[in-house]
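This report refers to the structure that appears directly beneath it.
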Amino acid sequence: QVQLVESGGGLVQPGGSLRLSCAASGSIFSINAMGWYRQTPGKQRELVAHINKGGIISYADSVKGRFTISGDNATNMLYLQMNSLKPEDTAVYYCKAGRYGRDYWGKGTLVTVSS
C-alpha cells in the first residue's frame, strides 16, 4: 500500500504562484511513476504533470512553461511548482503514484485562482 497526502493549496490571485507538495509513505520502494492531476466539478480528472522512475517528465499543454514537477527521493516528496496561475487552473489537485500496475491517489488539495 502507498499513502499520499497533498498540501499547499489555497487562494491565489491570477499571475501568482503556489507550490504543492505530496508526501508519500508505505510501500514506496517500487513506485514506478508519480504525477499530479486536477479535477473541476462536472469534468473528468486530467493529467497535469507526470514523472517516471527514469526521470522522464511530461506536462499537459495547458501548463507547459508555467508548472514544474519535481521529486525528492530522500524525503519521499513530490512537488508541483505552479507559476503564472490563471483562473482556469482552479481545481482540486491530486497526487498519484503507480506501483505494480495499481494506482494510488491522495485526497487532493484545492487551488483557487481568483482576484
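The values are calculated or read from the model by the stated rules, or taken from the named source; none is laboratory data. Just so you know, these numbers come straight off a predicted model, no measurement behind them. Positions of Cβ are backbone-derived with ideal geometry, glycine not excepted, and every protein chain shown enters the neighbour counts. Protein only, heavy atoms only, side chains kept; ligands, DNA and RNA dropped before computing areas. Shrake-Rupley method; radii C 1.70, N 1.55, O 1.52, S 1.80 Å.
Tabulated values for the structure
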read-out	value
Candidate residues Arg45, Arg19: accessible-area rank, largest first, probe 1.4 Å	Arg19, Arg45
Chymotrypsin sites (Phe, Trp or Tyr not before Pro) within the range 11-115: DSSP coil, no more than 11 neighbouring Cβ in 10 Å	Tyr100
Accessible surface, per residue, of the chain when the full set of protein chains is kept, probe 1.4 Å, Å²	54
Surface share of carbon and sulfur [accessible, 1.4 angstrom probe, percent] for the chain	50
Alpha-carbon gyration tensor eigenvalues x 5, square-rooted, for the range 27-115, Å	23, 15, 11
Accessible surface ranking that places the most exposed of Asp103, Asp61 first, with a 1.4 angstrom probe	Asp61, Asp103
Contact order normalised by residue count of the chain, Cα under 8 Å, 6+ apart, percent	38
Bridge type composition, the chain - antiparallel percent by DSSP, nearest 5	95
Efficiency of FRET between Thr40 and Asp72 - r from beta-carbon atoms, R0 25 angstrom, step 0.05	0.30
5 angstrom amide H check on Phe67, placed H, neighbours 5+ away	Asn83
Local electrostatic count at Gly106 - Lys and Arg +1, Asp and Glu -1, tallied over other residues with Cβ under 13 Å	+2
Largest-first ordering by accessible area, 1.4 Å probe, given options Glu88, Glu46, Glu6	Glu88, Glu46, Glu6
Karplus 3J(HN,Hα) series, Hz, for the range 40-57 with 6.51 cos²θ - 1.76 cosθ + 1.60 (x for Gly, Pro)	10, x, x, 10, 6, 5, 10, 6, 9, 7, 9, 9, 9, 4, x, x, 6, 10
